[in-house]
Each structure stands twice: as structure tokens, then as C-alpha cells.
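The structure appears below as C-alpha cells.
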Amino acid sequence: TLRDYQFSFAKVKWKIIIADEAQKIKNPTTGVTVAIKAMNYDYAICLSGTPVENSWVDLWSIMDFVQPKHLDTLQNFKEKYIRGLKELEDNLPGIESLGQELKSKLDPLFMRRLKKDNMQGIPEKKVIYCRQEMPEYQRKRYISVIEAARQKKIHPLMTIARLRDISLHPDLGTKKVSMFYNMEPDKVIN
């Protein structure tokens, strides 16, 4: 929406912009990234479970929206951290030093919470496992895909996709989607 209505949104003087799922602005050249960086704002917050998916450029792009030029230009950032990391390939103390330098630049702006970290005031996470056997029809579909994969009749990635589909619904991927439109919700779920 922001990309499609960039010029309309850019007319607004935003006090704060909060970007949830900020990894969507990890690529500095996409339309979404260009649009959000063109906004007129005083303050930005980004939330992301995966601020780095492909390269350190992802992190630079997100941080450049939060605090433009804080990590220098993209070209200088790549030169210092990405090329620098490659040059230090076998130098573990050098790599750690470079990492600490980047961490210190991020520290005032970047907060990272690990899964093992508990936040104050939030109840401790509890995991409850509920085992449920697949219905017979679904189980047969699932096993047939596994057998086809073992016989090398289907590609491993296609196997994963088909197993995922069958896990969601045994007829997903084999019947037309329109078939589901006329079904009662309880029948689809069961």
C-alpha cells in the first residue's frame, strides 16, 4: 500500500513511523524500501524477527531507514564490513573485532532479544504438545507422496511442498481451489 500510494503518504508529516516486519525493506532498491525512505517523518522504529536474511546489506537498509547515514553510505558500509569480513576470512580475532565495532555502532539503536531471553512482566513460555493422528484419507495421501519421493518420481522440493499441502488439507494441490468454496467449513476442517 505504501509503495502504491507513496506520493499521497509522502504529503503527510509523520511524527513516527513504525515498520513491523521490517525485513520487507531489507533490499535498498525495492519499491517498498524507496517509498518508506521517501516519507516525511521525525522518528522511525522497525520491528523484525529476521533483520538479516541474506547479507549485511539487509541490516544496513533497515538501519538506514531508522537513522539515515548512521552506518555511512551503502558503498562505504559494504567496503568496511562486507569486504572487510571477506579479507579477514581466517583471522578470527579480526572478525570478532569487526563484529564488535559494528555492534557498538548499533548498540544505541538496535535491541536484540533472543528466544531464551525472558521479558519482565510476561509469563514464562509454556509449550504444550497435543498429538493428533492424521485421518486415514490424509495419511494415505501423505504416505503416497513419501513413497513417490523414495522412488525418485518427484523432486525433493516438490515433495516438501506436497507434504505441506497435504498437512493443511489432503486435497490441497490436487483439486481446484473453487471446490473448497462450496464446502461447509466443518467439512474442510475435519
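Quick notes on this one:
- Val127 vs. criteria of a type outside the set (Lys, Arg), surrounded by fewer than 10 Cβ atoms within 10 Å (Cβ to Cβ) and more than 24 Å from Asp58 (Cβ to Cβ): yes
- Asn118 modelled with pLDDT under 85, open to solvent by 90 Å² or more (accessible area, probe 1.4 Å) and farther than 30 Å from Ile45 by Cβ: no
- Residue in region 95-114 that is closer than 28 Å to Trp14 by Cβ, in a helix (DSSP H, G or I) and out of contact with any Phe, Trp or Tyr (no Cβ under 7 Å at 6 or more places or on another chain) present: yes
- Residue that is at pLDDT 85 or above, under 30 Å from Val66 (Cβ atoms) and of a type in the set (Ser, Thr, Tyr), where the choices are Ser104, Ser167, Ser144: Ser104
- Some residue of region 20-38 being in a strand (DSSP E or B), open to solvent by 40 Å² or more (accessible area, probe 1.4 Å), of a type outside the set (S, T, N, Q) and on the phi < 0 side of the Ramachandran plot: no
- Number of the condition not met by Ile82 [criteria: (1) hydrophobic (A, V, I, L, M, F, W, C); (2) at pLDDT below 90; (3) open to solvent by 80 Å² or more (accessible area, probe 1.4 Å)]: (3)
- Test set (1) surrounded by 10 or more Cβ atoms within 10 Å (Cβ to Cβ); (2) among the β-branched types (Val, Ile, Thr); (3) more than 25 Å from the chain's Cα centre (by Cα); (4) at pLDDT 90 or above - Ile160 fails condition number: (3)
- For first residues located in region 163-190 and assigned to a helix (DSSP H, G or I), partners that are open to solvent by 80 Å² or more (accessible area, probe 1.4 Å) and modelled with pLDDT under 85 and lie 6+ apart or on another chain with Cβ distances below 7 Å do not occur.
- Single match in Asp72, Asp20, Asp58 (criterion: touching a Pro at 6+ places or on another chain (Cβ under 7 Å) and free of Cβ contacts under 8 Å to residues at least 40 places away in the same chain): Asp58
- From the list Gln138, Gln120, the one residue that fits, being over 30 Å from Asn27 (Cα atoms), in a loop (DSSP other than H, G, I, E, B) and polar (S, T, N, Q), is Gln120.
- Per-region count, region 39-50, residues out of contact with any Asp or Glu (no Cβ under 7 Å at 6 or more places or on another chain) and either within 17 Å of Phe110 (Cα to Cα) or open to solvent by 60 Å² or more (accessible area, probe 1.4 Å) (or both): 8
- For region 51-65, a residue qualifies if it is open to solvent by less than 50 Å² (accessible area, probe 1.4 Å), closer than 15 Å to Arg112 by Cβ and either of a type in the set (A, V, I, L, M, F, W, C) or in contact with a strand residue (DSSP E or B) (Cβ under 9 Å, 6 or more places away or on another chain) (or both), and the qualifying residues are Leu59, Ile62, Met63.
The values are calculated or read from the model by the stated rules, or taken from the named source; none is laboratory data. What you see is a predicted model, and the numbers here were worked out from it, not measured in a lab. Reconstructed Cβ throughout: ideal geometry from the backbone, glycine too, with neighbour counts over all protein chains shown. Note: accessible area is taken over every heavy atom of the protein model, side chains too, but ligands, DNA and RNA are not part of it. Shrake-Rupley method; radii C 1.70, N 1.55, O 1.52, S 1.80 Å.
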